[in-house]
Amino acid sequence: MSQLLVLQAVVEATPEAVAAVLLDVRPGGRSPMALDGTIEETDVGDEFEVLHDGDKVKVAIDRGARSVTIEGAWWYRGVTSVEPDPLGSRVRFRMFNIAEGHGWAVRFVSRGPINAAPREFAETIHRLGTELGVPAHVV
């Protein structure tokens with residue numbers, strides 16, 4: 001597994017308040033990262049699969065670590081976490097290549113997601129700040 005990208009932001013609210021919204025990623029959830037689609041299982045736990053735009057997306061929420069991991073396609077893993085910051089919370093997004101033995105192909109298929117990630121992350125942070133009613137900005 002190799003890390004492809006790291007993005008960070010500050011949200012001026014407690015880590016608990018930020019995580020309460022950010023980790024609500026089930027379809028219809030309050031999180032700006034909430035997935036559209038159909039849950040592929042009946043378990044109401046923190047690990048589930050969503051059928052999103054014809055693809056299965058695996059989601060794992062770790063409430064203790066205040067993080068959510070989303071895996072899709074054959075190569076992608078995105079991990080978003082919330083940590084304490086002097087101004088409130090630091091939200092960190094990390095994109096990984098999890099493909100085994102196909103590193104050369106990931107260079108081609110990851111270009112779009114890598115290029116789109118800063119804009120999408122900034123939108124997520126803006127929506128998160130709006131939901132919480134606090135300042136939030138990418139750093």
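Where a number appears in this text, it was derived from the coordinates with a stated rule and is not lab data. These figures come from a predicted structure and were not determined experimentally. No Cβ is skipped: glycine too gets one built from the backbone with ideal geometry, and neighbour counts run over all protein chains shown.
See the values below:
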| item | result |
| --- | --- |
| Total charge dipole magnitude, the stretch 65-107, about the Cα centre, Cβ charges on Lys, Arg, Asp, Glu only, Debye to nearest 20 | 80 |
| Rule-of-thumb Rg ratio for the chain [Cα; 2.2 N^0.38 Å; N residues] | 1.04 |
| Hydrodynamic radius by Kirkwood, which averages 1/r over all alpha carbon pairs of the stretch 1-53, in angstrom | 13.1 |
| Estimated 222 nm signal from helices in the chain, with DSSP H stretches of n ≥ 4 weighted -39500 (n - 2.57), rounded to 500 | -8500 deg cm²/dmol |
| For the chain: relative contact order, % (alpha-carbon pairs under 8 angstrom, 6 or more apart) | 32 |
| Loop-located GluC sites (Glu not before Pro) in the stretch 6-51, at most 10 other Cβ atoms within 10 Å (DSSP) | Glu41 |
| Residue order, fewest to most beta carbons within 10 Å, for Ile61, Ile70, Ile98 | Ile98, Ile70, Ile61 |
